[in-house]
Structure formats: structure tokens, C-alpha cells
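To start, the structure under review is shown below, and the notes come after it.
The values are calculated or read from the model by the stated rules, or taken from the named source; none is laboratory data. The structure presented is a predicted model; accordingly, all values stated were derived computationally and were not measured. With ligands, DNA and RNA removed, areas are computed over all heavy atoms of the protein, side chains included. Shrake-Rupley method; radii C 1.70, N 1.55, O 1.52, S 1.80 Å.
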Amino acid sequence: MNWDFDQITQKAEEELRAVASDKDLEAFRIKYLGRKGLLADMYAALATASKEEKPALGKNINILKTRITGLIDGERDQIKKTKKASSIKELDVTLPGVSRSTGHKHLITQTIEEICDIFEKMGFSVQEGPEIESEFYNFDALNIPKDHPSRDGFDTFYVDMKNKTNAGQNMLLRSQTSPAQVRIMQKYKPPMAVLVPGKVFRPDAVDASHSFMFHQIEGLVVDKNIKFSDLKGLLEVFLKRLFSDDIKMRFRPHFFPFTEPSAEVDISWKGGKKDWLEIMGCGMVHPNVFKAAGYKDGEYTGLAFGLGVERIAMCKYGIKDIRTFYENDVRFLRQF
Ligand code: DAH
């Protein structure tokens, strides 16, 4: 057979110039390289060619095949590139930017940090205690009598996890941060000034001022010769830093099993008879609490206090309903 290989190559190159899509390219490929394409015919003819013809014909067919394959590959890349370029939209630098809203700390976290910060500046360190606590730390070690109503299931969430690791103790969700007092005294040697923030749990019906979970911060200072006046001075400085220098503070005698004497702390902006607001509890560490921690009788004295974080935040920011802290309504949270 006599083929003009130069002409065929030229024609193929011309045809390829008209190719504009994947579809055109596939038609081109089938025409030349397909099972019934030109190259297939050529190879069939090669099989029957005479001995003399074979070498030159075979060489020409192979050159043509390589050329056509190269043309197809090159064109395929070209089509791909054009497609990519057309999918990039023009960049309009005059369009307004897309601003992403970023989150921020919850008001409870902010309040905890603010309180811790004030005490840290006075030399306190911040520690944590477990939320699942034993009856020993939550009650016994704090000198709370066995028949005290706060131990009742109506006032404490008990957890079903008596086992060997907690010496068969009743376990519960801590109803106060005070159990950390004894844990810390067992772990460290005085002098110490420690703050323990955390969640506490009580089976209270939820209303505007009650929740089954809220936050407390416990404070504990132990050393030789800590006096009641230290307690009063410390809390006055703290409350003035937290609220304002203008507030008045008073101690009202109270009873807590783990402190003696004990007091509730009220603050007021005006100082009128009805203007006092109860803000926290405090007192001098009871000797039985030192005993539970394994301290020698009379070796140390200490002061302790406990405050409710939600209560402080509500008072500071004029929030009327405790539930708003937990509803996660961003319209509320964004204000702080
Ligand atoms: N644990 C008490 C409560 O939950 C608060 C409290 C009062 C803590 C007096 C103290 C304290 O450390 O001394 O009501």
C-alpha cells in the first residue's frame, strides 16, 4: 500500500487545530487510533506486506503513531488548562470583606477569671477539686453531722459508684466547693493561700434564682496565727476591687459546721437598712476540719470563704434570672 505519510501527518495537524473540546478530541483519536482507525488499517496492511516493503513501512507507521499520540496528549493538556482558567472568577477588590464573628468567654468564665485574678495578685494559687466527690470530703471531713439535712437525697445528688477504689464510700456530685479544703490541706503543707473555683450540684427546682448546677469559688488560707481580722480585711479588699471602692461591707454572724466563728458577708452601695445584699459565707477553719486533714491540734489556724459565682455576676451586671446563663442565647451572651 502506498500512503503519503507526510501528507497524512500534515492533515492530522490541521484537523487537530479545529479541535476545541474533549468530544472533538475523542473523535479525532478514534479516527486515527481507534480499533477501526487509520493506524489499525496500516498495521493490518503491514502484516501482508512483502519482505522488502516491511521495514520502511513499519518504521513510517510507528513514526506516525507516535506523532498522533503526542498530538492527542498535548491537546488534552491544553483543554484542561483552558477549563481551569475559565473557572477562576475575576477578583473584584472593591467588594466588601466577609467578616467572621469570633466567640468569646462566657460571662461565668469571665467572672471566675476576674475573681481569681484579684486573689492571685494577693498571693493565692488556683487549684481544682473533683466534681464527683466522696461523702467523706463533702460532709464528714467538714464537720457536718451524720444527721444534717444537707446530706439528704433531696439536697444532694448521690452517684451509684460505691467500689473498692473509694473504700465503699457513698459518692455524690459535690454540693459545694468546700470539700477541696481538706483535699488541699492533705496535699500541701502550710502556709497556703488557695482558691478553688468549680461547678457544684444540688437537686433544686429550677427558677429565676435556683439551678441544679452552679459555680462556687472556695478560698482557704492556713498558717500559724491567722486571725479573724485577716479574714475581714482580705474580703473587704477583694469586694472593693471586684465591685467598687464605694461599697460598704458587713459581717453578719452565721453558722457553718466547718468554720467557727462563721459569718455571712453583705455588701451595700448605699448603706441603708434594707440595702444589704448577702454575697458570701466565711469563717475561721474549725478544729475538726484540721483534724480530718491530719493536722496536729492547735498547730495552725485558717480562714475560709465560699461564694456563688452566678450570684456575684447577677449582682454586678444586673441580671435578674439565673437561667439566662445556661440557655446559650447569643443575644444575652454577646452583651458581656
Ligand atoms: N460551702 C458553703 C455553701 O455552699 C459556703 C461557705 C461558707 C464556704 C463558709 C466556706 C465558708 O468556706 O467558710 O453554702
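State which helices in the chain qualify, where a helix is a whole DSSP H run, it must extend 27 Å or more along its own axis by its Cα atoms, and its mean Kyte-Doolittle hydropathy must be at least 1.0. None clear 27 Å together with a mean of 1.0. For the chain, modelled as a GNM whose springs connect Cα atoms under 10 angstrom apart, the maximal fluctuation among 135, 75, 218 occurs at 75. Note on the chain: GNM, Cα springs under 10 Å; of 95, 307, 39, the largest mean-square fluctuation is that of 39. In the distance distribution for the stretch 237-298, Cα-Cα pairs more than 17 Å apart total 51 percent.
Just how many % of Cα pairs in the chain lie over 24 Å apart, if you round to the nearest whole percent? Everything past 24 Å amounts to 69 percent. Between 262, 101, 86, find the one with the highest GNM mean-square fluctuation for the chain; connect C-alpha pairs within less than 10 Å. The residue with the greatest mean-square fluctuation here is 86. Against the empirical 2.2 N^0.38 Å (N residues), the stretch 167-257 has a Cα radius of gyration ratio of 1.32. I need the fraction of alpha carbon pairs in the stretch 14-171 separated by more than 20 Å, rounded to a whole percent. Tail of P(r) above 20 Å: 77 percent of Cα pairs. In order along the stretch 151-159, phi translates into HN-Hα couplings of 7, 4, x, 6, 10, 9, 7, 8, 10 Hz, rounded to whole numbers, per the Karplus curve 6.51 cos²θ - 1.76 cosθ + 1.60 with θ = phi - 60° and x for Gly and Pro.
When nucleic acids and ligands are ignored and a 1.4 Å probe is applied, residue 300 ends up with an accessible area of around 30 Å². Report the Cα centroid-to-centroid distance between the stretch 83-135 and the stretch 297-332 in angstrom, as an integer. What the calculation gives is 21 Å, centre to centre.
Taking the three principal axes of the alpha carbon atoms in the stretch 5-87, the coordinate ranges are 55, 21, 16 Å, sorted in descending order.
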